[in-house]
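Chemist: Next up is a structure, given as structure tokens.
Each value in this text was obtained by applying a stated rule to the coordinates, not by laboratory testing. What you see is a predicted model; the values in this text were computed from it and never measured.
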Amino acid sequence: MKIVYKVLAYLIAIEVAVQASMVVLGDAGLFVYIGEGGVLDKATAESGALQFPEFFAFVVHGINGMMVIPVIAVLLLISSFFTKIPGAVKAAGLVVVLVALQVTLGLLGHSITPLGALHGINALLLFTAALYAARRGRAAVVSAPAQPVHAG
């Protein structure tokens, strides 16, 4: 179970990196689209008619942030109860709290734009907390004594 814990924690860190790359890819594509004469208004955005190749990145960002990362975080928390790693439950709990805050900031940032800045800062905190949890798991896996094999 220690390996499961470690893998899940690293997966969250990887997903946060994917989130950052996807939102920047989407933004870059949007600016190219506008620079080439494309128009972005509320009606276009809500219709799903934005026609630039990088639009998929916004979709990936939304799916990962609203579904994939929260599920991984809950699985991390569940696995933390069975790992017997000191501090694993606290580390996983912190990750879950930061994921919940991240989702909240992401949703509210569409109407309260300064929360978008906090969304970015919280992403860094989440990335760090996930790595912290993973390193706890890694240290526990590495330092775990080998179990003797009894032939019998």
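Chemist: Please enumerate, by chain and number, the lysines with C-alpha under 18 Å from the C-alpha of Lys84, excluding those fewer than 8 residues away in the same chain.
Modeler: Lys2, Lys6
Chemist: In the Gaussian network model of the chain, springs joining C-alpha atoms below 10 Å, which of Ile85, Ile12, Ile112 carries the largest mean-square fluctuation?
Modeler: Result: Ile112 has the largest fluctuation of those listed.
Chemist: Follow-up. So which residue, out of Gln102, Gln19, Gln51, gets the largest mean-square fluctuation from a GNM of the chain using Cα contacts under 10 Å as springs?
Modeler: Top of the fluctuation ranking is Gln51.
Chemist: From Cα pairs below 8 angstrom and at least 6 apart in sequence, can you work out the relative contact order of segment 2-143, rounded to a whole percent?
Modeler: 39 percent
Chemist: Name the shape class, rounded, prolate or oblate, that the alpha-carbon gyration tensor gives for the chain, where a ≥ b ≥ c are the square roots of its eigenvalues, rounded holds for a/c under 1.5, and otherwise prolate holds if a/b is larger than b/c and oblate otherwise.
Modeler: Verdict is prolate for the chain.
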